[in-house]
Each structure stands twice: as structure tokens, then as C-alpha cells.
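Enquirer: Got a structure for you, questions after.
The values are calculated or read from the model by the stated rules, or taken from the named source; none is laboratory data. Remember, it's a predicted structure, so these values are computed and weren't measured experimentally. Neighbour counts run over all protein chains shown; Cβ positions are idealised from the backbone, glycine included. Quick note on the areas: whole protein, heavy atoms, side chains included, nothing else; ligands and nucleic acids left out. Shrake-Rupley method; radii C 1.70, N 1.55, O 1.52, S 1.80 Å.
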Amino acid sequence: MADIIYINHQDVINFAASTVEELDAYAYEWEGEGVVHIHLHPLKHSFGDLSKVSFSRASSVSTYEGDSRFVVLVATKENIASATLFERTSDGYSEKDYVYIPSQEDLYSRNEGLLELDILSKKKVIIVGLGSFGSQIAIELAKAGVGVFSLFDFDRVELHNLSRHTCNANELGRLKTDAIEDAILGKNPYATVKKYPVNINEHLYLLEKELKNADLMICATDNNASRYNISKALVRHKKIGIFGRAITRAEGGDVFRYRPGGPCYGCLIGADFLPPEEITNVESARGDGRIPAYVSAEDANAIVQVGLSSDIQPICNLMVKISLLELSRGLNSGINSLEDDLVYDCYIWANRREKNYKEWHPFFQAGKNRTVIRWYGVNVPRNEGCAICSHNVELDVSGVGGFKPQVDDLGDVTLEL
Amino acid sequence: MIDQQRYQLEKGVLCQEHFPENAYRFVGIGTPEPYLRIAAKSNSGKVYTLHIDLKEFPEQIPEVYITKMLKDYHGNNMDHPSASLHTLSSKNGWTRICHYGTNAWTPMVSLYRIYVKCRLWIEAYEAHLATGNNLDYYLIHAH
Ligand SMILES: [Zn+2]
């Protein structure tokens, strides 16, 4: 049964404008997903047609009695498997050349030297949120050889996602977890992918269960409630988490890394403004400048990501780099030197001199001034009373504008229950 | 959802701020539907009961209701989202108060501080009833 059906609008318009009474058309469905796309013309995608193939141990194709289009004769000599391929023609089966889709070992050996791929293939990464950030990060990690994924997102691919998402128009309506699983397996066919199309704020136990044996969690959601929930889980299970977001219209963004014992996302947001001392330290190499106002409480939740895909890519890219660094930390990999570079808790990026970055110097001849299209690192102080990561939580019990109401006159009231 | 540790902390704060024990009650802690009922007395002496939903507290701003349907200056039910009256969509026939903006929310905010904001809302509401000015006129958007 199809639950979600898309019909090509242009086809409907063209058919209406034609004089044809009836035409056979094409309905495509991802097996078992209940999502169907209907087109008047066959789609030119690679898996549109299914042919029958037989694998056989027969020594010669002449002894094969079936009617498959392809026959793969498999033989083993001195423990090495080999294959001979035949295709059926009008004159019977004729031998064909072929190329192997790489085996797991071959696939990983291509990046060898830069990253410990056989080790990355055993690393497990949880990605929460498969929007414009999470989808790109998932694919980049798969390309780098990460082998085990747990994906959390309850959303489906929709029109408004498309311009910044890795999914294409033929995937409209699919669960993002299904679509990104395909994308991961396309890059790394030997990856293991677990899918959770749920809202983590309502299914935290699933996240915690997955986190127990995970090496890293990517938080690519678009709301602080989930960031706080994820932070809590990271603190509890002593795991590393990478958070990333763009600010309004993606004029900039930031990346935050949680490491067990260090400041958490609650500490970051609770800090309201990043402390000037730290910024001065960062800036001593880069020049003067104040920390952008967007880390204030007011803008902390400004996550409307309506910028260009190219504006969020630098942010995704750093999230991927930090992830790979963390996953191969302590191993002898080609990116080890980054351990001395990427030491900050939080990283800040600006794409354009707008809003928060209006006063920044043009990139051209900037000297030591703060500019766009450069990363700035900031250390975040740990809040000893943080509600997320501290054992000695100090809640905000302040009044509002000096007002603290009288409550001792409530002794005579009857509470409505 | 509010956990035991946070619950104890919040209770401790209310105690420290000298709330009489009859004026509040935590209900359903440890269940999927925890909430706090707490009384508020306006400067004019009117008593209101606040219902604070703790299902997603403190990661998310808790929903706060006055346990009845309030009427505005013009006699209309305060049951819909209104920026000028600082209300949200009602539930159970209760008026829902807009007490915190998402941008200002952090999990550090105590239920006591939310209570203070709701008390200010109530004062603004009563001033609105007396003058017809919107609640906006009295409530600063500060946090
Ligand atoms: Zn913290």
C-alpha cells in the first residue's frame, strides 16, 4: 500500500494540453517504504529496471539450463574466487567483460595513509537531525570510512528542504533516515546503519541506548531543547558530541565540541556572552574586535537556516573534520597534527558582513582585523552550577527587574487541584 | 522531563523563598505527566492557581496555564495566541500564559523565576482589566 504519492505536475499539465486520450505511465516505489512517484516518462535513474541474474558453480555456461539474462559462473582456485559473466543474446549466451564493485578491503584502501580506515570502519557515530547539516555530515563521514551509523530524524524529504539538502527531487516524501541510509551505503556499501525516525525529545531512552557503545554523537538539530537533551545524555555517558548550527540566513554559524568533563552546551548558552578575556586571547593572533553578539541569549536560538547551501557547507565541513579528529585521536593518522590546532570548545564562522558581522573588516587587506570566511576559536568556561553538566546545580532564582513577589500571604489560600 | 534531582532542587527553592506548603503541590513526579500547581495572589488580593506542565522541563519552556478561562477587558475569552495580551492557545478551558521567549530560555531557569514572571503577568492582566491597555503596555520583554 502506498501511503505517500507524488505525481509529476508537469506531466499533468502536458497531458491536459495534449489531445491524447490515454497513456501508460510509470509508478516508482522504494520497496516497503510506501512512497510512490508517478511520472509519464520513465525516469533515467540507475535502478529503474530489474533483470534476472543467476550465480552458478557450473564449469561451463553450456550446462546452465535456466533463462536468466545474466549468468555469473563462480569458480575458486587456490582460495581465490573468480567470476565469468555471460549475457543472453539471440544466439545464446556470450561472454562479457565486467568490472568489480570494490570489496570492503579495496574500498577502504583508497584513502589509506591519511586516515586509519580499518579502525574508522568500526567507529560508531550517532547523527541526530538529518537536515541540511546532518545529511552532508553523514555522507562525508561515510566517504571517510566511518562504518557504523545511528540516524535520528522523524522528518521526510520535502520541497522546502531540497535546495540545501543532499536528497534530490526523486526522493520527495521519503523518510530522511531511509534516504540518508541509501546515501551512506552508496558511498560505503559496508557501513551498518540503524534508523530511528522519531523525535528524540520524546524518545530519549532510544538515544541513550544507542549512545552506550557509540564513539561520537553529531547534534545537527534545529532547536535548543534537543541540544540540551543531547548534552545531558553526553554528560551521563561521558561521550564526545559535536554541535553545529547556522544563524539567521546563514550569515554565519558556530561549531561546539563537548568533551567529557568540559563545558557543555548549557554552559555555552548560559554564558550569554563569551567572556572578553578569551576573545582577547584568540584575537591576540588576529587583532582587535568584540565577540559577535549572536551568542547572546537573544540570538542563541536564531536557527532559521534559510541561507545558501554554500554558506552552511563550511560549518558542516568543520564538524566533519573535528569528528574525524576525535575518531582517530591517539591513532597514527595523517590528520594528527590537527590535534594541536582544533583545541577550542567553540568555533565561530561568518559568511557575509551582515547583521552581527556588519562592522567586520573586508577580507581584502584585513591585516589583523576580524573578517568573514575565517574560523575563530573560543574557549568556553565551564559553569560550575550548570543545570546540564554539574552535580551542584545553581538555578536562576533571581527576580525580574528587581521584583520578587510577596508569598507569605498565601498561607490562607486553597489550592485548586 | 523533570528528574528527581531537579524536583528536589525546585522544591528547595520554593521552601527557601518561604512559600507556605499549602500554596503549591508537585503532582505526578516520576510519571509521564508531571506538573506543578501553585497559587498566586495579586496585589489586589485576588487568588489564581497556576498549572505548570513539567513534561519537557527544564530542556524546554514549560507550558503555564491559569486554571480557568480569563476574560479580557472586552469580555472575550483569552483562549488564543496574542502578542499584545501575552497569551497562547488555551487547553482544558484554561488561559495559557506566555511567560518566556524561546530565545531567553535556558535549563537554568527555576520554576520560582517562572512564578515571578507569571505574577508580573497577573498584575499586568489586572491593570489591563482596569484600564483597557494591552498587557504589552505593562510587561517589559526583558528576561
Ligand atoms: Zn554545562
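Enquirer: Any idea how many residues of region A:11-44 are open to solvent by less than 60 Å² (accessible area, probe 1.4 Å) and within 22 Å of A:Asn168 (Cα to Cα)? Can you show your working first?
Expert: First, pick out the residues of region A:11-44 that are open to solvent by less than 60 Å² (accessible area, probe 1.4 Å): A:11, A:18, A:25, A:28, A:33-40, A:43.
Right, trim to within 22 Å of A:Asn168 (Cα to Cα) and you get A:11, A:25, A:28, A:33-40, A:43.
Here the count works out to 12.
Enquirer: Moving to a separate point now. Right, A:Val413: outside any strand (DSSP E or B), touching a Leu at 6+ places or on another chain (Cβ under 6 Å) and surrounded by 14 or more Cβ atoms within 10 Å (Cβ to Cβ) or not? Full working, then the answer.
Expert: On the way: outside any strand (DSSP E or B): yes; touching a Leu at 6+ places or on another chain (Cβ under 6 Å): no; surrounded by 14 or more Cβ atoms within 10 Å (Cβ to Cβ): yes.
So A:Val413 does not fit the description; no.
Enquirer: For region B:102-123, enumerate the residues that are among the β-branched types (Val, Ile, Thr) and at the interface with another protein chain (Cβ under 8 Å from one of its Cβ atoms).
Expert: Filtering region B:102-123 down to residues among the β-branched types (Val, Ile, Thr) leaves B:102, B:106, B:109, B:114, B:116, B:122.
Answer for region B:102-123, where residues must be among the β-branched types (Val, Ile, Thr) and at the interface with another protein chain (Cβ under 8 Å from one of its Cβ atoms): B:Thr102, B:Thr106, B:Val109, B:Val116.
Enquirer: Being at pLDDT 95 or above and open to solvent by less than 40 Å² (accessible area, probe 1.4 Å) is the filter here; which residues of region A:128-141 pass it?
Expert: Initially, region A:128-141 is screened for residues at pLDDT 95 or above, giving A:128-130, A:134-141.
Correct list: A:Val128, A:Gly129, A:Leu130, A:Gly134, A:Ser135, A:Gln136, A:Ile137, A:Ala138, A:Ile139, A:Leu141.
Enquirer: If you don't mind, there's one more thing I want to ask. Hey, among A:Ile322, A:Ile303, A:Ile388, which residue is at pLDDT 90 or above, in a loop (DSSP other than H, G, I, E, B) and within 26 Å of the chain's Cα centre (by Cα)? Break it down into steps so the answer makes sense when it comes.
Expert: Working: A:Ile322 fails: in a loop (DSSP other than H, G, I, E, B); A:Ile303 fails: at pLDDT 90 or above.
Selected residue: A:Ile388, the only one of A:Ile322, A:Ile303, A:Ile388 that is at pLDDT 90 or above, in a loop (DSSP other than H, G, I, E, B) and within 26 Å of the chain's Cα centre (by Cα).
Enquirer: OK, next. Within region A:359-379, does at least one residue satisfy the condition of being part of a loop (DSSP other than H, G, I, E, B), farther than 23 Å from A:Gly270 by Cβ, among the acidic types (Asp, Glu) and in contact with a Lys or Arg (Cβ under 9 Å, 6 or more places away or on another chain)? Can you show your working first?
Expert: Start the filter on region A:359-379 by keeping residues that are part of a loop (DSSP other than H, G, I, E, B), which leaves A:359-374, A:379.
Within this subset, residues satisfying the condition of being farther than 23 Å from A:Gly270 by Cβ are A:359-374.
Among the residues that remain, those that are also among the acidic types (Asp, Glu) are: A:359.
Filter again for in contact with a Lys or Arg (Cβ under 9 Å, 6 or more places away or on another chain), leaving A:359.
Yes, that holds for at least one residue.
Enquirer: Shifting gears a bit: Show me the strands (runs of 3 or more DSSP E) entirely contained within region A:109-222 in which 3 or more residues are touching a residue at least 60 places away in the same chain (Cβ under 8 Å) and assigned by TED's automatic domain parsing to the domain that holds A:Leu324. Steps first, answer last, please.
Expert: On the way: elements: A:124-128, A:148-152, A:192-196, A:216-219.
Filter on region A:109-222 gives A:124-128, A:216-219.
Enquirer: Give me a count of the residues in region A:142-158 that are farther than 15 Å from A:Ser323 by Cα and open to solvent by 10 Å² or more (accessible area, probe 1.4 Å).
Expert: Total meeting the criteria: 5.
Enquirer: Next question, about the same structure. Among residues belonging to region A:384-411 that are of a type outside the set (A, V, I, L, M) and within 21 Å of B:Phe26 (Cβ to Cβ), point out the one that is farthest from the other protein chains (Cβ to nearest Cβ).
Expert: At the first step, the residues of region A:384-411 found to be of a type outside the set (A, V, I, L, M) are A:384-386, A:389-392, A:394, A:396, A:398-399, A:401-406, A:408-409, A:411.
In the following step, the residues that additionally are within 21 Å of B:Phe26 (Cβ to Cβ) were identified as A:394, A:396, A:405, A:408, A:411.
On the way: A:Glu394: 8, A:Asp396: 5, A:Pro405: 4, A:Asp408: 5, A:Gly411: 4 Å.
Filtering first and then ranking leaves A:Glu394.
Enquirer: Name every residue in region A:231-274 that is farther than 21 Å from A:Ala138 by Cβ, away from the ligand (no atom under 16 Å from the Cβ) and crowded, with 20+ Cβ neighbours inside 10 Å, in order of residue number.
Expert: A:Ile247, A:Glu251, A:Gly252
Enquirer: Between B:Leu50, B:Leu54, which is in contact (Cβ under 8 Å) with a residue 60 or more places away in the chain and more than 9 Å from chain A (Cβ to nearest Cβ)?
Expert: Details: B:Leu54 fails: in contact (Cβ under 8 Å) with a residue 60 or more places away in the chain.
Just a single option satisfies the conditions, and that option is B:Leu50.
Enquirer: Can you tell me which residues in region A:355-392 are more than 16 Å from the ligand (Cβ to nearest atom) and of a type in the set (S, T, N, Q)?
Expert: Taking region A:355-392 first, the residues more than 16 Å from the ligand (Cβ to nearest atom) are A:355-377.
Selection gives A:Asn356, A:Gln365, A:Asn369, A:Thr371.
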